[in-house]
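Values in this text are rule-based calculations from the coordinates and carry no lab data. Please read these numbers as outputs of a predicted model, since none were measured by experiment. We place every Cβ from the backbone using ideal geometry, glycine too, and count neighbours over all the protein chains shown.
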Amino acid sequence: MQNQIQNSLQDPDVVYTNTFGTVSGDNFTIHALDNRVINLDNNLRKVKLIKKRRYRKNLFFFVLSVVAAVVFYAGKDNRFIAIASGVISLLTMVASMLIVEYRFKFMVVRKYDFSEYRTDHRYSDDAQQLALLVNKKIRTNDRLSAL
């Protein structure tokens, strides 16, 4: 992948390049997604990075705190079990509220369909920069084609 990035840097048609992808005159390449080449034609409407929150760990810790609360109420006769399950319930409930995890998708919107590509959180800033530049090129191409 580094060799392809090096070769794309030497290409005089390259407008912008980073670790996520390269924008050239009439297409852009996504290095992080197995070097997918997407043409900047008239059917391309928008490129954006979607950030969604994942709730899997939050749900796990919430269910764990509910189980600990049930054990707390069932084990009221034994003081150690009641105190331990109360502390575990409180800690896991707080953990379920504080854990924040995101997933990112790079979306390419065409005239009649769209494509989504999962990306890693390491590339989120570079993908956002690439999406801004591609959208700027799309807007300028639309303005030029309207003339």
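Things to note:
- Ordering MET107, MET93 by the number of other Cβ atoms within 10 Å of each residue's own Cβ, fewest first, gives MET107, MET93.
- The number of Lys pairs in the chain with C-alpha atoms less than 21 Å apart, excluding pairs fewer than 8 positions apart on the same chain, is 16.
- Other residues within the sphere of radius under 14 Å centred on the Cβ of VAL71, judged by their own Cβ, net out at +1 (K and R +1, D and E -1).
- Charge sum, other residues only, whose C-beta stays under 14 Å from HIS121's C-beta, Lys/Arg counted +1 and Asp/Glu -1: +4
- Entry for Kirkwood radius over Cα pairs in Å (calculated from the structure that is shown) out of [x] 19.9; [y] 17.7; [z] 18.6: [z]
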